[in-house]
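First up is the structure itself, then whatever we jot down about it.
Each value in this text was obtained by applying a stated rule to the coordinates, not by laboratory testing. This is a predicted model, so every value here is computed, not measured. Cβ: placed from backbone, ideal geometry, glycine included. Neighbour counts: every protein chain shown.
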Amino acid sequence: MTMPGRPRRRRAPKGFGTALGLSVALMLLVAGGIADRGGSLPLVVLGGAALAVGVLYLIYPHGPQFALGTANGLAMYACLFAVLGRAGFPDAPPLARGIAFLLPVGAFVLACWARRGVLRAWAQGEEAADIAHLPRFARWLVAVGAVGVVSLSAPVNRLDPAAQGLALLAAMTVIAVISVVSVADVVRLLVDVA
């Protein structure tokens, strides 16, 4: 007679604790760096980053490099968002800023979930890195950069606060759509960066 086996506990993949610790430390530094105006944006950045990394870990449990690359990507995005927001949309309401920050992050996480079967091998580092995807990534970067250039060159900063908030939400919606369309290239880049 055999005894039923005890259920095996799933263990975090090797290196995940280090990746998570570095991710938290990096996001704390970024949140502190953008907190000079106070308000809720640093909390939105920390909460959004923590939620995104946590959900992505659930989707890709054996991808600590992806978690670290995602934290790096979110840190860069938070810094660029703060600069773009202050220069192009200085009077946008705090609620619009928070939602605008979360739009591309949420869209990216949802796209990763929707395409999890296709992206799993890349996110978990099972496929070797190569430079063949860099031209596709360059197209994504140019498209996102164009949104930034238009946002900074248009006289949106002269509009009333409500209009600035709407313009910021529109710009970040475009970036969210670009991120969803290019999710595979972004995942590859985040793993390669890590």
- Message: If I model a spin label as a point 7 Å beyond the Cα along the Cα-Cβ vector, how far apart are those points for R158 and V24 in nm?
- Response: 4.8
- Query: Going through the range 132-190, which trypsin sites (Lys or Arg not before Pro) have at most 10 other Cβ atoms within 10 Å and a DSSP loop state?
  - Reply: none
- Using the per-residue mean of other Cβ atoms lying within 10 Å as a proxy for protection, in what order, highest first, do the peptides 53-60, 98-105, 144-151 fall? 98-105, 53-60, 144-151
